[in-house]
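The values are calculated or read from the model by the stated rules, or taken from the named source; none is laboratory data. As the structure is a prediction and not an experimental result, all values here were calculated from the model. Neighbour counts run over all protein chains shown; Cβ positions are idealised from the backbone, glycine included.
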Amino acid sequence: MESNRRSFLKIGGICALGLGALPVTKALARKALPQVSDFPEALKANQWAMVVDMKKCWEQADRDCKDCILACHQYHNVPDIGTIKEEIKWLWQESYHDTFHDQATKFNIANIEHNPIMVLCNHCTSPPCVRVCPTKATFKDKKSGIVKMDYHRCIGCRFCMAGCPYGARSFNFRDPIPYIKTELNMAYPARERGVVEKCSFCTERLARGLFPACVEACRHGALTFGDITDADSPVRKLLAENYSIKRRPELGTGPNVYYII
Amino acid sequence: MKIYNAKLIIPGLLIFVVMVTFPIWYNKGSAAPPPEPSLNTPAIQRMAEKQCVLPKDQMRTDHMQLLNEWRTEVVRNGNRLYVAWDGKEYNMSLQNECMRCHSNKSEFCDTCHVYAGLKSGSQPYCWTCHIAPKENK
Amino acid sequence: MLERALTGSQKYYRLLMGLLILMGMGFAAYLYQLNTGLTITGLSRDVSWGFYIAQFTFLVGVAASAVMVVLPYYLHNVKVFGRITILGEFLAVASVTMCLLFIIVDLGKPMRLLNVILYPSPNSILFWDMIVLNGYLFLNIVIGWNVLEAERKGTDSPSWLKPLIYLSIPWAISIHTVTAFLYAGLPGRHLWLHSILAARFLASAFASGPALLILLALVLRKYTKFDAGKEAIDKLSQIVLYGMLVSIFFIGLEFFTAFYSNIPSHQHGLLYLFVGLDGYGKLVPFMWLFALLALAAVVLLINPKTRKDEKTLKIACLCVFFSMWIEKGLGLVIGGFIPNPFEQVREYLPTVPELIITMGIWATGFFVLTILYKIAVSVKEEVE
């Protein structure tokens, strides 16, 4: 009995000492080099989101404008495999009818059924791809809300592709490098055969204080980027003023790409 | 003492010994000279003090660990800025930072990697995705 | 005991040689895939899982063969199964081996396989599937081996084995449930998004596993001195019948929900499989073959005369096995991806290298099975 109490006191004492020492070690650690951090110019948000104003896109006389896609695919060294089967795409067009098949009607205004819609990863608030990944190779970045890919860790099981209800993920069925037909971006890597890839909301550009490549490339201001949790952000302002829709909200994934139609 | 099946065992043993020692006598007399990674790039020439992220000896032995830690910080934790032991700041990026100075991959990286007999075409598999700088040769 | 696998008749060696050749072909095709990528398969961006994962799903079912003899024997004291529990367990070992191989050949980066253990992710069902499958493999090896060893020595099996045997029963249920959960929890894949999927997996497993077991028992009786006994086979055939009836019933339930509710997205998968969608219907003939085989199996099994006649029982078991193979090993997995998230139909058919790799893995499974059965039968012949 006695010895038990003694050992209890001892252990308690050590614990208290440890707690007391914590701020000291922290202060010491703050000075110690090397250390890592964000760039000071990095753009920050709790949850990045995009509003795609398709009206602005459709109004253009130049209906073949693909500036955003080209900018994205060139920037990220996305290959052009050339077959539907193995296509790799981060940002692309689908028809209104196919994208919003749950709300398509035959008698829509101005025949928008066949109009293009820009589609990309929705960087869901509750992403099923992240839920199913067996290695955490795809994960939800807590700092920015971006659904990221760790190409070093992906085992290529393609569970995330089955889990994604938006078809936003592409698999590298073959070595992609010979198929990069745009000019190589020396500042960004390519991918290897056997991993899954998708839109990254240009994490690496945000870190340098730049907006995503597609947003920057759009000449017509159809793409707006910002923090959905910030009431003063440009995306929230747009959403407050316009009626918008999201892809398949009934699935509970919480997509963060909004469409103004 | 008598060895049974000596006719088979002794040639078998001989073949075994020859095969095991194959690397030794095959490479005999052709010892590769120790590599001398070149630091002769414009970016390094311009530097007043030629100093890498870590002291030279540490870089030589630990650069792969450093790269792996950088990878984890950038990809998983979203940190991209590295303040080194000497207070200098670095962008944690193989393609954009390391290769900015060491733009001569074939004379710097490859010399040692080939000498050490790294697999996959004598290159660590960083280069299957990361793009090496174009070298004017 | 392993040495018994090394001595055998000419026929035994010829069988092993044949299987080894098929395995070699599969392995060569796999090396080709490893060096070129999954581009050599028919898989696409839209149908991202295909033949491999479908075989895996089907074989998880076959692995249930063990529980369907172990459960009646140990829990209900069905003595006639005493002689064949070992066959069920070893069949489970062979099928789980195939399951694991099918997962590996499906990976884009198999050299990173251990990342699943290095970065354990309990939120992923695949992580749990790895645990239950490997656990089931381990349980069946340990149980089968020790029971056989005890039989050879003429002693009772060690007492520590009993808890493991009892554990293996719920464990068998878990492998189907977890495998079904791989599919049944994915938003937007309506063919799979049913709470009945796990129950469907169990029912079809209780049909296909014991059906194969009956066929194997009959083969063993023809070529060896081992006889499973008429009564055991009759009992098994009843299990197959019930498994089959429940399976078909469950599939019918899916049809009801989809078509009475009249929700298009719930109908698309079934429509694609059975009548075709937007003019595409490569799987339609297979699915009708499934329906025909299933019907034939039920007719043959439900009639006691044809069920007890070995000739017709054999046909019935073949019907069960192949109908379930089509339903799970082809329709369910592939159908779940069609149409794609944009409601476009992109079809899938396996390519020749894909089929060769698949064949190689089946051969590997049968190689394992042959060796294990050889050991079991030799021991049993010796004891008698």
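Selection of the stretch C:177-196 for residues being part of a loop (DSSP other than H, G, I, E, B), closer than 16 Å to residue A:129 by Cα and of a type in the set (A, V, I, L, M) yields C:186, C:193.
Among C:237, C:195, C:204, which is the only one that is of a type in the set (S, T, N, Q), modelled with pLDDT of 90 or more and surrounded by fewer than 20 Cβ atoms within 10 Å (Cβ to Cβ)? Write out each step before concluding.
Numbers: C:237 fails: surrounded by fewer than 20 Cβ atoms within 10 Å (Cβ to Cβ); C:204 fails: surrounded by fewer than 20 Cβ atoms within 10 Å (Cβ to Cβ).
Residue meeting the stated conditions: C:195.
Here's a check for you: in the stretch A:89-104, which residue that is of a type outside the set (D, E, K, R), assigned to a loop (DSSP other than H, G, I, E, B) and within 12 Å of chain C (Cβ to nearest Cβ) is farthest from residue C:182 (Cα to Cα)? Walk me through how you get there before you give the answer.
Pass one, the stretch A:89-104, residues of a type outside the set (D, E, K, R): A:90-93, A:95-97, A:99-101, A:103-104.
Okay, now just the ones that are also assigned to a loop (DSSP other than H, G, I, E, B), so A:90, A:100, A:104.
From what's left, within 12 Å of chain C (Cβ to nearest Cβ): A:100, A:104.
On the way: A:100: 27, A:104: 31 Å.
Per the stated criteria, the residue is A:104.
Each row is one residue, and each column tells you yes or no for (1) touching a Pro at 6+ places or on another chain (Cβ under 9 Å); (2) more than 21 Å from residue A:164 (Cα to Cα); (3) in a loop (DSSP other than H, G, I, E, B); (4) not hydroxyl-bearing (Ser, Thr, Tyr).
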| position | (1), (2), (3), (4) |
| --- | --- |
| A:64 | no, yes, yes, yes |
| A:74 | no, yes, no, yes |
| A:77 | yes, yes, yes, yes |
| A:80 | no, yes, yes, yes |
| A:87 | no, no, yes, yes |
| A:106 | no, yes, yes, yes |
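Set side by side, the residues A:234, A:212 differ, and just one is under 26 Å from residue B:98 (Cα atoms) and assigned by TED's automatic domain parsing to the domain that holds residue A:94, which is A:212.
On inspection, residue C:272 qualifies as surrounded by 14 or more Cβ atoms within 10 Å (Cβ to Cβ), in contact (Cβ under 8 Å) with a residue 60 or more places away in the chain and not charged (D, E, K, R).
Restricting the search to the stretch C:75-108, which residues are at pLDDT below 95 and among the acidic types (Asp, Glu)? If the condition is that a residue be at pLDDT below 95 and among the acidic types (Asp, Glu), then C:89 is the only one that fits.
Got at least one residue in the stretch C:302-323 being over 19 Å from residue C:214 (Cα atoms) and assigned to a helix (DSSP H, G or I)?
Kept after step one, since they are over 19 Å from residue C:214 (Cα atoms), are these residues of the stretch C:302-323: none.
No, the stretch C:302-323 contains no residue that is over 19 Å from residue C:214 (Cα atoms) and assigned to a helix (DSSP H, G or I).
Check whether at least one residue in the stretch C:333-343 is acidic (Asp, Glu) and away from chain A (no Cβ under 14 Å), and report yes or no.
First, pick out the residues of the stretch C:333-343 that are acidic (Asp, Glu): C:343.
Add one more test, that the residue is away from chain A (no Cβ under 14 Å), and what stays is none.
No, the conditions are met nowhere in the stretch C:333-343.
Residues in the stretch C:100-136 that are within 18 Å of residue C:51 (Cβ to Cβ) and within 14 Å of chain A (Cβ to nearest Cβ): C:100, C:102, C:103, C:104, C:105, C:106, C:107, C:108, C:110.
Within the stretch A:134-154, being at the interface with chain C (Cβ under 9 Å from one of its Cβ atoms) and either touching a Ser or Thr at 6+ places or on another chain (Cβ under 6 Å) or among the aromatic types (Phe, Trp, Tyr) (or both) holds for A:134, A:136, A:153. Consider the stretch A:117-133 and keep the residues that are more than 10 Å from chain C (Cβ to nearest Cβ) and of a type in the set (S, T, N, Q). The one that is nearest to residue C:126 (Cα to Cα) is A:125.
Does residue A:157 satisfy the condition of being without any contact (Cβ under 8 Å) to a residue 24 or more places away in the chain, at the interface with chain C (Cβ under 8 Å from one of its Cβ atoms) and over 30 Å from residue B:133 (Cβ atoms)? Walk me through how you get there before you give the answer.
Values: without any contact (Cβ under 8 Å) to a residue 24 or more places away in the chain: yes; at the interface with chain C (Cβ under 8 Å from one of its Cβ atoms): yes; over 30 Å from residue B:133 (Cβ atoms): yes.
So residue A:157 passes the test.
Selection of the stretch C:8-62 for residues being hydroxyl-bearing (Ser, Thr, Tyr), farther than 27 Å from residue C:336 by Cα and not in a helix (DSSP H, G or I) yields only C:9. Here the condition is being among the hydrophobic types (A, V, I, L, M, F, W, C) and surrounded by 16 or more Cβ atoms within 10 Å (Cβ to Cβ); of C:322, C:256, it holds for C:322 alone. Restricting B:75, B:114, B:83 to residues that are farther than 15 Å from residue A:204 by Cβ and in contact with a strand residue (DSSP E or B) (Cβ under 8 Å, 6 or more places away or on another chain) narrows the list to B:83. Taking first residues from the stretch B:67-82 that are closer than 18 Å to residue A:137 by Cβ and within 8 Å of another protein chain (Cβ to nearest Cβ) and partners that are of a type in the set (Val, Ile, Thr) and not in a loop (DSSP other than H, G, I, E, B), the Cβ contacts under 6 Å between residues at least 6 apart in sequence or on separate chains come to B:73/A:36.
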